[in-house]
Each structure stands twice: as C-alpha cells, then as structure tokens.
Amino acid sequence: MNDPKPLESRASRWFIPVVLFLGTLLLIGVTLKDYGVTWDEPPYFHASDLHVRWISGFSANIVTGELRNSLDDQAIRAAWHWNPYNVPHPPFSRIVSGFAKEISSPFLDKFSAYRMGPALLFAVLVTVIYLWIKELFGAATGLFSALAVILTPNLFGFAHIAVTDLPLAAMWFLTAYSFWKGLSNWKWSVVLGIVWGLALATKFPAALIPIPLILWAHIFHRDKYVNNVFALLFLAPVVMIATQPYLWHQTGLRVLEFLYEGISRAYRPDANFPIYFFDQLYTTKQLPWYYSFLIIGITTPEPLLALAFIGLGSIPWSKQRSATLLFLGNTAFVLLMGLLPGAVLHDGVRQMLSALPFLAGLASAGFYVLTTSLLNLARGTTRFQQIANLRAKIIATWFLVLCFSPALDLYLCHPFQLSFYNRLVGGVRGAYERGLETTYFMEAFTPSFLQTLNERIPKNATINASFASFMLDYYQKEGRLRRDLKITNEKPSNYYVLLNRRSTLSPQERNLINGKSEPYVAVTIAGVPLVSVFEFEKGD
C-alpha cells in the first residue's frame, strides 16, 4: 500500500512557492493597466508579433513540408531583425511577451497582454529567490526574501514594462541559482546551460554572467564546478543560437555583430544618452566612479538597505558565508560593470536592475542574522522564556516592522515606482531639489493622464509634446487619444506637453516647467511634476 506521507510532504513543500508565483502574477496582472507605455515598448510589441507569427508559420510549414519558406534568410530577417535600431536586443523576452499576449488577449487589453511576459518572469524570480533563501536560511527568511523583491520599487515597476531589463535581471538570478545548485547535482548543470543560453538570448550583459560565478566557485568550490563550466561552454551557446533564428545564417558573423553592438553602445551618439546628476549633464564615461552604488543606495527602501549591510557585516561569522558572498559578488559586479569600456548608465536604475535581486538576497541574510540574534537574546531573558511560540512572534513582528515602510512607499508612489527615491535624499521631492532625474521612461503618460487630455483638451486643438510627440501619436493610432487632436512638432501650438526628463529639456523648457506658469494639466508625485501641460492658445 502506498504511503501518503511523501505525497503530503511534497504538497506542503510546494504550497508556498505556488502561492507566491500565482499571487505575484495576479498582483502584477491587475496593476498592468496603471502604467503608461514606455518609449521602447511600441517597437517591442510589434517585434513580438513578428516573432510569434514566424514561429506559427514555422510550425505549419513543418507539417506541410514547406520549411524552406520559413528558413529563407529574408523571411528570418523580416521577422527577427526587423528594426535593429529600435529593437537592438535578442528576442527571448519578446517571445515570452508575444505568447503571453496570444494567451491573455481575450482577458486583458493589448498593452497589458504583452506585459504579462515580464510579469511571468517576475513571478518566477520571486518564487526562485524564496526557494534559494529557504534552502540557506529557512522558510521564514525565504518568505521575507520574496517580499523584499516585490517591495523593491524598481523591480516592481519594471515587472509591468515589456522591455529587456526585468527579464535580464530574472535570468541573471536564475543563472546564479542554477550554477549554485549545479555544484552538487549534474542535472542542475544542464539547467544552467539552458538558463544561461536563454539569458544570452535576452540582452548582451548576460555574456558577462559567468565571470562572478566562476571566480566565486574557484575560491570556494574549486573541485565541484567542472560540470557547470562544461554546460556554459557547450550547451548554452546551442540554446542561444537555437532561440535566435537570425543567427541560423552566417552564424559566426552575426554572433560577432551581437558582441559588437553590445560593446560599442557607449561610443555611439545614438545609444549613449545624457545623464542628469546633481544638476549637471554627463555622459556615462564622465560620471564619478561611485554613481552606480549611490543610485542603488538612494532608490532602495531603507530597511532593505540596512539589512543588506547587516548581511554584509555578518559574512565572517555566517554558516552560509560562501552563498552570501555570491550575492555580494554579483551585486558588486553588476554595479562595477558601469566602469567598463562600452557601458552605458542612462535611465536611472534601469541598467543596474540585475543587481537588485542579489541585494534582496543579501538583505535576507541580514534578516536571518537579525531575527536569530534577537531570538537568542530573548531566550536568555527569563521574562521572554515564558512566551509561547516566541520564535514565530519575533519573526512576525520584524516582518511587520521591516516591510511596513517599503509596502507603504510602494503603494503611495504607484504607478510611479521608477521615480522612487528613499529618505536618504529626502524622498522624491528631496531628490528633485538636489538635481536628480525623477522621470525618464514615459510611463508617466498614464491612462488616467490620457483620459484627462481626452476630457479637457478642446476639439481640433494642436498639441506639441516636444521629444515625446511620437508617443502621443502612437496613443492616437491605438485609439487611446482622441483622433481630432493634432499632434505636431511645429510651433506655436495650442498646448505644450512636457515630460520632465531634465536630461533632455531645453533651457526654455526648464524655465517653463520651473517657472510661475500654472500648468493646465499635471501629473505629480510628492509635489514633483512628472508631466506638465501648458495652455498657450485655446483651440476651437
């Protein structure tokens, strides 16, 4: 007779991960509609459609014996290399978004359907960090790590945006987890090869992932990582090429093209955008060396930052010293990448997003040290020894204390998590007054903002949105903005829409947004203008 206990144990073991995955997916899914479309997303949406259409045609041609039609290089270039300037990165995240759109479009609007792709990868990230930290420090700390990822504003915000940044962060963390597991099980080395191959098919920086992993393994597990290296060298490139049909023709040349495109970005004016930092404009190579560390430090919730320092300080005495150093090493490596030749650091935290899951792992180590120390202290005190379920109560108390502020901040700044700054610089308002960039990606053109324009702008009015006019034109084509409105780059216009991305504003535009003129419509957070609409001359 079968013993039911193993089945019960398996069910209980997977209950929390399944709940975390589904709960995270639901949380992101119901908030997808709150964010404006970012400037990279329209071409990514179209590229996702092209990828899915080609894959569907490929499947059909296998059945009909007409595979040559799909494998023709012109057909592949049209589907997989349609617009290399606006869609410069490999296709894995867009494939996920494309199929997510196909599945969820009956239930969600068009934009939200595409964005279920990064939402799915974010849910995977939350689940995997729980599993990893649980194995290191126990279930309670694992649960805290999952919440730490969810409560990190930039991770939460980018989980709603169908670009490559959150997928890269998720794949980097999954690669590190698979590498760690592969030290003791060759099957996980196979998983590692697949996961890193998919990471390489996501964005160029993934090519650097093995550097901190192999350095760490050579120090702490010198005799255990040969299977991992084998998988990285021989399996991952196969997965990378298999998932990118563009590489099926002239493979060597196009792989070199991929590497060149990644390395050369900082040397191309079309890809190296200015950075607004303490009221000064910089290119990436002009930034001070500490820029990445400072930006992460002032955009991470203070409790998580404090716990990360506790985790860092506990490393010499930690039983999980090597794993904690793995988190630290990857965090530091991502931030130091900004100093490498060819690196670009525009758009706030965006280029450093892959550091944040590892920072959450380091904070989780700090949470474990804090709660364990307090528990040991309480158990040595007579008064606390008489309290039932002391461990659970201490952990629950610190869950509440440490998560309340980040959760409140996440709620209050929704859907502008990409504009979040912590209290070390006085919050969003303090950051703005100190000359830091508070918005850049156009997600501040929210659906509620568009609705206000539709309701308040007179019929047949002309609107000039400066460098963002193309985005209003896109909204109009998608039926989100009234068709009678005339979007123009000409002057004069009836209304002038300014996204307060100070790195791109002209002196006249800065004077307008900082002057005494009252905006006709404004999108603000903590009194900081993200979008301002000025009425120059009323329409008909």
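One table, with the values for the structure above:
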read-out: Residues Ser97, Ser448, sorted so that the one with the fewest Cβ neighbours within 10 Å comes first; value: Ser448, Ser97
read-out: Virtual spin-label span in nm between Glu66 and Arg254, 7 Å along Cα→Cβ; value: 2.2 nm
read-out: Taking Leu136, Leu155, Leu233 and counting other C-beta atoms within 10 Å, the order from fewest to most; value: Leu233, Leu136, Leu155
read-out: Relative contact order (percent, whole number), segment 16-163, Cα cutoff 8 Å, 6+ residue spacing; value: 33 percent
read-out: Dimensionless Rg over Rh [the chain; C-alpha; Kirkwood]; value: 0.99
read-out: Overall Cα dimensions of segment 167-263, principal axis frame, Å, largest first; value: 38, 24, 22
read-out: Exposure proxy order (Cβ contacts within 10 Å, fewest to most) of Met171, Met442; value: Met442, Met171
read-out: Segment 508-540: trypsin sites (Lys or Arg not before Pro) in DSSP coil with no more than 15 other Cβ atoms inside 10 Å; value: Lys516, Lys538
read-out: Segment Gln280-Ser405, extension gain: residue separation times 0.36 nm, minus the distance between their alpha carbons; value: 41.9 nm
read-out: Listed residue pairs exceeding 22 Å between alpha carbons, taken from Lys459/Lys491; Lys101/Lys187; Lys187/Lys224; Lys181/Lys203; Lys224/Lys319; Lys33/Lys477; value: Lys101/Lys187; Lys181/Lys203
read-out: Computed over segment 16-163, Kirkwood Rh from alpha-carbon pairs, angstrom; value: 16.7 Å
read-out: Relative contact order (percent, whole number), the chain, Cα cutoff 8 Å, 6+ residue spacing; value: 15 percent
read-out: Three-way shape label, segment 191-237, alpha-carbon gyration tensor, a/c 1.5; value: oblate
read-out: Segments 62-70, 355-363, 427-435, 99-107 sorted - mean Cβ within 10 Å per residue, highest first; value: 355-363, 427-435, 99-107, 62-70
read-out: Length-normalised contact order of segment 447-535 in % [C-alpha pairs under 8 Å, at least 6 apart]; value: 28 percent
read-out: Segments 284-292, 48-56 sorted - mean Cβ within 10 Å per residue, highest first; value: 48-56, 284-292
read-out: Cα pair distances of segment 447-535 binned at 10 Å [whole percent]; value: 17, 55, 26, 2
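Values in this text are rule-based calculations from the coordinates and carry no lab data. In this text, all values refer to a predicted model and were calculated from it rather than measured experimentally. Backbone-built Cβ (ideal geometry, glycine too); neighbour counts: all protein chains shown.
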